[in-house]
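First up is the structure itself, then whatever we jot down about it.
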């Protein structure tokens, strides 16, 4: 039995440590023949095995994108969010449409990981849907969407991020992320909004983050 087949067989072992080591070892083969077995390991009873399988799929690379995209529709929430995480690490634009669909998932843990993954990929096609996600009822989704918009750095996101920054009822951490993202985008409207916050908002964390974001813009000018 060759090494690949032997490791795939070990993924069926009763001992979770053996399965974990097998999932980990398969990544170094970088062999696409391991993908199906690693995808099945997403449903392993042991969380360490599941994590090891996800990390291995990322290292195997492009050949894993299609099955990971399919996994975003799996009935198991744990499978869906690990797939979103792995796709974000792979940064393949072929996953964008599926991740945009995942922003509508019923589970907020899937939605915020999909938003994060879209930010990692950095495709401007995601801007409209991420802007909508700034109004999600779950704070982690809003946070992740604001951060992703900063990573993509498209000027279409400036106006909604300014509204988020100026929303006094929003959680402080999310307003901080909005300010930071505006600094990454750096459009004139973003600069003006940050200057206004520095002058008008006396809350120290917001004031300082806005100042740092504005300095980042001015260094690029």
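The values are calculated or read from the model by the stated rules, or taken from the named source; none is laboratory data. Owing to the predicted nature of the structure, the values given are computational and were not obtained by experimental measurement. Note that each Cβ is placed from the backbone with ideal geometry, even for glycine, and that neighbours are counted across all protein chains shown.
Can you pull out the residues in segment 121-131 that are over 12 Å from residue 156 (Cβ atoms) and surrounded by fewer than 20 Cβ atoms within 10 Å (Cβ to Cβ)? Don't jump to the end; show me each part of the working.
Just the residues of segment 121-131 that are over 12 Å from residue 156 (Cβ atoms), to begin with: 121-123.
Selection gives 122, 123.
Would you confirm, using the coordinates I've provided, whether residue 37 is surrounded by 22 or more Cβ atoms within 10 Å (Cβ to Cβ) and touching a residue at least 24 places away in the same chain (Cβ under 8 Å)? Against the criterion (surrounded by 22 or more Cβ atoms within 10 Å (Cβ to Cβ) and touching a residue at least 24 places away in the same chain (Cβ under 8 Å)), residue 37 does not qualify. Within segment 51-64, restricting attention to residues that are crowded, with 18+ Cβ neighbours inside 10 Å and more than 15 Å from the chain's Cα centre (by Cα), the residue that is nearest to residue 111 (Cα to Cα) is 51.
Against the definition (under 30 Å from residue 59 (Cβ atoms), in a helix (DSSP H, G or I), free of Cβ contacts under 8 Å to residues at least 60 places away in the same chain and in contact with a helix residue (DSSP H, G or I) (Cβ under 6 Å, 6 or more places away or on another chain)), how does residue 125 come out, yes or no? Let's see the steps before the verdict.
Numbers: under 30 Å from residue 59 (Cβ atoms): yes; in a helix (DSSP H, G or I): yes; free of Cβ contacts under 8 Å to residues at least 60 places away in the same chain: yes; in contact with a helix residue (DSSP H, G or I) (Cβ under 6 Å, 6 or more places away or on another chain): yes.
When the stated conditions are applied, residue 125 passes them.
Residues in segment 65-75 that are more than 16 Å from the chain's Cα centre (by Cα) and assigned to a helix (DSSP H, G or I) were compared, and the one that is surrounded by the most Cβ atoms within 10 Å (Cβ to Cβ) is 67.
Let's see how each residue does on (1) more than 30 Å from residue 103 (Cα to Cα); (2) at pLDDT 95 or above:
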{"position": "148", "(1), (2)": "no, yes"}
{"position": "181", "(1), (2)": "no, yes"}
{"position": "186", "(1), (2)": "no, no"}
{"position": "191", "(1), (2)": "no, no"}
{"position": "199", "(1), (2)": "yes, no"}
{"position": "204", "(1), (2)": "yes, no"}
{"position": "207", "(1), (2)": "yes, no"}
{"position": "219", "(1), (2)": "yes, no"}
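Looking across segment 180-221, the residues that are surrounded by fewer than 17 Cβ atoms within 10 Å (Cβ to Cβ) and not in a helix (DSSP H, G or I) come down to 202, 203, 221.
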